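> My questions will all concern the structure given below.
The values are calculated or read from the model by the stated rules, or taken from the named source; none is laboratory data. Just so we're clear, the structure is a prediction, and the values are computed from it rather than from any experiment. Please note: Cβ atoms are built from the backbone with ideal geometry, for glycine as well, and neighbour counts cover all protein chains shown.
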């Protein structure tokens with residue numbers, strides 16, 4: 001895929017990074033919600049896998065784009081099952097994207113502030129930080145559950161700014177979600193990049209609205225020049 005122009009790194013003071021699909025391979029989350037949960041629900045309800053999947057698809061659509069969609073406690077209550085325990089059972093699938101560590105190391109070498117900004121529930125966040133080596137590179141970690149708004153909501157971004165104290169005009173956000181990038185754009189973030197290949201098992205899909213890159217490694221172009 002064609003790559004956008006290099007980022008003007010000399011003008012970027014703060015880097016905001018999504019976790020799932022950006023730093024980490026989205027294959028884990030896709031597998032969990034599309035395979036692990038449906039199989040567990042079918043077993044629990046003694047119904048067919050197709051019936052369980054149909055029910056879940058309807059349930060997912062009802063809360064998509066809200067905090068409930070990311071809330072493991074909500075799903076545990078709604079489905080009457082231990083969702084965190086199910087996540088632990090497939091945690092071996094949690095993996096970094098190949099370019100993640102190199103990207104984080106290069107940013108750290110250039111004294112960039114690196115903030116993880118995620119919609120992940122506290123349990124998922126802790127699980128992934130425990131099973132990956134990204135933690136030491138992060139200046140801060142913020143879950144949208146702490147602020148009471150999902151990243152897709154434009155109201156999330158001033159709350160995050162109050163928490164972190166960044167200048168929107170010199171801030172970069174990298175995310176695989178177009179709705180999240182749209183909300184950040186409406187708030188006024190100066191630099192936005194879309195990850196086109198959030199999952200290693202799916203073909204890249206370029207954004208029609210935002211500059212897309214296949215992976216974080218592409219963004220390193222020009223970093224060594226300042």
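> Within segment 131-150, identify whether any single residue is out of contact with any helix residue (DSSP H, G or I) (no Cβ under 6 Å at 6 or more places or on another chain) and farther than 30 Å from residue 84 by Cα, and answer yes or no.
Within segment 131-150 (the criterion being out of contact with any helix residue (DSSP H, G or I) (no Cβ under 6 Å at 6 or more places or on another chain) and farther than 30 Å from residue 84 by Cα), the answer is no, since none of the residues qualifies.
> Which numbered condition in (1) part of a loop (DSSP other than H, G, I, E, B); (2) in contact with a helix residue (DSSP H, G or I) (Cβ under 9 Å, 6 or more places away or on another chain); (3) under 26 Å from residue 91 (Cβ atoms) is the only one that residue 197 fails?
(2)
> Of everything in segment 55-81, what is free of Cβ contacts under 8 Å to residues at least 24 places away in the same chain and surrounded by fewer than 14 Cβ atoms within 10 Å (Cβ to Cβ)? Give them in sequence order.
57, 58, 61, 62, 64, 77
> Let me confirm something: among 87, 128, which residue is buried (at least 18 other Cβ atoms within 10 Å of the Cβ) and in the same structural domain as residue 200 (by TED's automatic domain parsing)?
128
> Right, here's the next one. Quickly run through segment 183-206 and pick out the residues that are under 23 Å from residue 97 (Cβ atoms) and surrounded by fewer than 17 Cβ atoms within 10 Å (Cβ to Cβ).
Once the filter is applied, which keeps residues that are under 23 Å from residue 97 (Cβ atoms) and surrounded by fewer than 17 Cβ atoms within 10 Å (Cβ to Cβ), segment 183-206 yields 200, 201, 202, 203, 204, 205, 206.
> Only one residue in 52, 40 is touching a residue at least 40 places away in the same chain (Cβ under 8 Å), outside the structural domain of residue 172 (by TED's automatic domain parsing) and surrounded by 14 or more Cβ atoms within 10 Å (Cβ to Cβ), so which one is that?
Matching residue, one of 52, 40: 40.
> Evaluate the following for residue 149: is it outside any helix (DSSP H, G or I), out of contact with any strand residue (DSSP E or B) (no Cβ under 9 Å at 6 or more places or on another chain) and surrounded by 19 or more Cβ atoms within 10 Å (Cβ to Cβ)?
Yes.
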